[in-house]
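Undergrad: Got a structure for you, questions after.
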Amino acid sequence: MSNKIQAIRGMNDVLPDESPLWEFFEDTVREVFRRYGYRNIRTPIVERTELFVRGVGEVTDIVEKEMYSFTDAMNGDQLSLRPEGTAPAVRAAIEHNLLYNGPQRLWYSGPLFRHERPQKGRYRQYHTFGAEVLGLAGAEVDIELLVMARRVWQALGLDGVQLQINTIGSAEERRAFRAQLIKYFESHPEALDDDAQRRLHTNPLRILDSKNPQMQALVNAAPRLLDTLGVESRANFEAVQAGLRAAGIPFTVNPRLVRGLDYYNLTVFEWVSDRLGAQSAICSGGRYDGLFEQLGGKPAPGCGFGIGVERTLLLLEESKIHARRAPDAYIAHHGNGAAQYAMQAAETMRDRGLAVVLDCSGAGFKSQMKKADGSGARYAVIIGADEIAAQQVSVKPLRETVEQTRCTVAEAAAMMVNTMDSKRG
């Protein structure tokens with residue numbers, strides 16, 4: 001007998017007992033995005049590798065060593081599983097001319113893939129909820145996105161999620177700063193770890209984001225991009241900060257926050273929590289005004305963010321926020337003709353919007369009632385010979401000390417709907 005086949009490490013199954021928290025998160029975020037006028041876009045999981053080389057950046061960690069890339073056996077195209085969501089959304093906007101009728105507010109969700117060492121909160125297949133504003137420049141858009149993200153945390157019931165912001169200026173300002181940064185780090189070669197040495201002449205800004213404790217003193221003493229910005233970039237950053245203060249959103253300016261994707265400019269940000277250890281960011285984003293042109297489109301501004309689903313779920317669990325989606329009713333039945341009558345009763349209740357589990361095990365009545373209680377259902381609906389003869393059902397509340405009642409199926413459904421509506425109200 002062969003060994004069992006298991007899931008790939010870092011690509012995880014989401015089991016039925018875990019799904020309610022995912023569904024709670026997904027439903028909550030979708031509703032918040034809807035209230036702000038964002039519309040859903042869905043892009044393929046597989047894209048041309050060139051999309052990420054040109055968009056994310058050829059010398060970023062993602063492109064250099066994290067993408068799942070392969071050659072298409074049909075035509076030899078170089079393809080990759082998407083490692084992030086912004087470049088595909090912008091590619092779709094260019095391809096389908098979405099900005100023809102004006103700016104777009106878009107959201108998307110789904111799996112992303114990065115080939116890296118799996119650890120808690122960092123997986124090879126992970127999921128995101130992203131929001132992108134395409135075709136609108138100015139600090140107001142950055143502020144709207146951050147206000148919307150804050151509303152997501154509030155709707156989920158999360159406290160203590162902290163906002164860090166920075167500006168990385170324009171491409172021209174970064175080029176000038178890059179030379180200054182290389183000169184500084186070259187004067188301390190003995191203090192650079194392997195990653196820093198590898199990035200020194202290709203992507204030196206990423207050294208500022210190093211998590212190596214032995215490099216923190218060197219990084220903290222490095223030149224600051226903030227100190228070299230021009231008048232326009234400074235004014236934009238001041239406007240973002242003023243807008244956040246007006247919206248009542250506390251924030252910290254983190255001058256070492258640079259993000260790992262080349263397409264960013266001006267505002268960058270992360271929402272972080274100190275309850276998640278090393279993987280502290282649950283939402284990251286910023287402005288990317290040059291990305292349309294990099295991908296072959298007409299110049300257009302853009303700004304957006306991505307929420308890491310798995311990390312946010314870890315924070316929900318850490319915060320003792322649970323979601324349980326039990327059925328409204330569990331139908332237990334026994335006797336001749338009970339199965340057919342029970343199925344009709346279940347469909348009548350479902351017509352009223354109730355979630356109903358029909359026992360199909362063929363087990364004895366006692367065993368079925370045990371399953372009804374274990375299902376988490378609020379009610380057990382009991383059907384036996386007496387109920388069939390009277391064309392009724394017995395309804396037994398399972399979560400409160402209330403008498404069992406006998407009534408028609410329609411009356412039982414109405415009673416359950418009314419009771420649950422009153423509890424929600």
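The values are calculated or read from the model by the stated rules, or taken from the named source; none is laboratory data. All figures in this text were calculated on a predicted structure; none of them were measured in a lab. Virtual Cβ from ideal backbone geometry, glycine too; neighbours counted across all protein chains shown.
Condition check ((1) modelled with pLDDT of 80 or more; (2) closer than 28 Å to residue 148 by Cα; (3) under 34 Å from the mean Cα position of the chain (by Cα)) across all residues:
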| residue | (1), (2), (3) |
| --- | --- |
| 183 | yes, no, no |
| 189 | no, no, no |
| 193 | yes, no, yes |
| 202 | no, no, yes |
| 210 | no, no, yes |
| 220 | yes, no, yes |
| 230 | yes, no, no |
| 242 | yes, yes, yes |
| 246 | yes, yes, yes |
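Undergrad: Shifting gears a bit: Could you list, in sequence order, the residues of the range 132-156 that are over 22 Å from residue 245 (Cα atoms) and not in a helix (DSSP H, G or I)?
TA: Result: 132, 134, 135.
Undergrad: Also, quick follow-up: Given 203, 236, which one is outside the structural domain of residue 133 (by TED's automatic domain parsing), farther than 24 Å from residue 153 by Cα and out of contact with any Pro (no Cβ under 7 Å at 6 or more places or on another chain)?
TA: Working: 236 fails: outside the structural domain of residue 133 (by TED's automatic domain parsing).
From the options 203, 236, the qualifying one is 203.
Undergrad: Does residue 380 satisfy the criteria of being under 20 Å from residue 325 (Cβ atoms), within 43 Å of the chain's Cα centre (by Cα), surrounded by 16 or more Cβ atoms within 10 Å (Cβ to Cβ) and not acidic (Asp, Glu)? Don't jump to the end; show me each part of the working.
TA: Details: under 20 Å from residue 325 (Cβ atoms): yes; within 43 Å of the chain's Cα centre (by Cα): yes; surrounded by 16 or more Cβ atoms within 10 Å (Cβ to Cβ): yes; not acidic (Asp, Glu): yes.
Spelling it out, residue 380 is indeed under 20 Å from residue 325 (Cβ atoms), within 43 Å of the chain's Cα centre (by Cα), surrounded by 16 or more Cβ atoms within 10 Å (Cβ to Cβ) and not acidic (Asp, Glu).
Undergrad: Residues in the range 202-216: is at least one over 13 Å from residue 255 (Cα atoms) and touching a Lys or Arg at 6+ places or on another chain (Cβ under 8 Å)?
TA: Looking through the range 202-216, at least one residue is over 13 Å from residue 255 (Cα atoms) and touching a Lys or Arg at 6+ places or on another chain (Cβ under 8 Å).
Undergrad: Out of 364, 296, I need the residue that is more than 22 Å from the chain's Cα centre (by Cα) and within 30 Å of residue 142 (Cβ to Cβ). Which one?
TA: Details: 364 fails: within 30 Å of residue 142 (Cβ to Cβ).
Residue meeting the stated conditions: 296.
Undergrad: Determine, yes or no, whether residue 393 is surrounded by 16 or more Cβ atoms within 10 Å (Cβ to Cβ) and of a type in the set (A, V, I, L, M, F, W, C). Walk me through how you get there before you give the answer.
TA: Numbers: surrounded by 16 or more Cβ atoms within 10 Å (Cβ to Cβ): yes; of a type in the set (A, V, I, L, M, F, W, C): yes.
Spelling it out, residue 393 is indeed surrounded by 16 or more Cβ atoms within 10 Å (Cβ to Cβ) and of a type in the set (A, V, I, L, M, F, W, C).
Undergrad: Related question: Keeping to the range 199-234, report how many residues are surrounded by fewer than 12 Cβ atoms within 10 Å (Cβ to Cβ) and without any contact (Cβ under 8 Å) to a residue 60 or more places away in the chain. If you could, list the steps in order and put the result at the bottom.
TA: Of the residues in the range 199-234, the ones surrounded by fewer than 12 Cβ atoms within 10 Å (Cβ to Cβ) are 211, 213-214, 217, 220-221, 227, 231.
This time we only want the ones that are without any contact (Cβ under 8 Å) to a residue 60 or more places away in the chain, so: 213-214, 217, 220-221, 227, 231.
So the count comes out to 7.
Undergrad: Can you run down the residue pairs with Cβ atoms below 7 Å, 6 or more apart or on separate chains, where the first is in the range 74-95 and part of a helix (DSSP H, G or I) and the partner is basic (Lys, Arg)?
TA: Matching pairs, first to second residue: 88/82.
Undergrad: Would the range 101-121 turn up any residue that is assigned to a helix (DSSP H, G or I), more than 15 Å from the chain's Cα centre (by Cα) and surrounded by fewer than 19 Cβ atoms within 10 Å (Cβ to Cβ)?
TA: First, pick out the residues of the range 101-121 that are assigned to a helix (DSSP H, G or I): 101.
Applying the additional criterion that residues be more than 15 Å from the chain's Cα centre (by Cα) yields 101.
So of that shortlist, the ones also surrounded by fewer than 19 Cβ atoms within 10 Å (Cβ to Cβ) come out as 101.
Yes, because at least one residue in the range 101-121 is assigned to a helix (DSSP H, G or I), more than 15 Å from the chain's Cα centre (by Cα) and surrounded by fewer than 19 Cβ atoms within 10 Å (Cβ to Cβ).
Undergrad: Given the criterion of a type outside the set (A, V, I, L, M, F, W, C), surrounded by 18 or more Cβ atoms within 10 Å (Cβ to Cβ) and in a loop (DSSP other than H, G, I, E, B), identify the matching residue among 160, 169. Walk me through it before giving the result.
TA: Numbers: 160 fails: surrounded by 18 or more Cβ atoms within 10 Å (Cβ to Cβ).
Just one listed residue meets the conditions, 169.
Undergrad: Looking only at the range 400-425, count how many residues are assigned to a loop (DSSP other than H, G, I, E, B) and either touching a Ser or Thr at 6+ places or on another chain (Cβ under 7 Å) or closer than 26 Å to residue 17 by Cα (or both).
TA: Let us first name the residues in the range 400-425 that are assigned to a loop (DSSP other than H, G, I, E, B), namely 400-404, 408, 425.
Filter once more, so that each one left must be either touching a Ser or Thr at 6+ places or on another chain (Cβ under 7 Å) or closer than 26 Å to residue 17 by Cα (or both): 400, 404.
Result for the range 400-425: 2.
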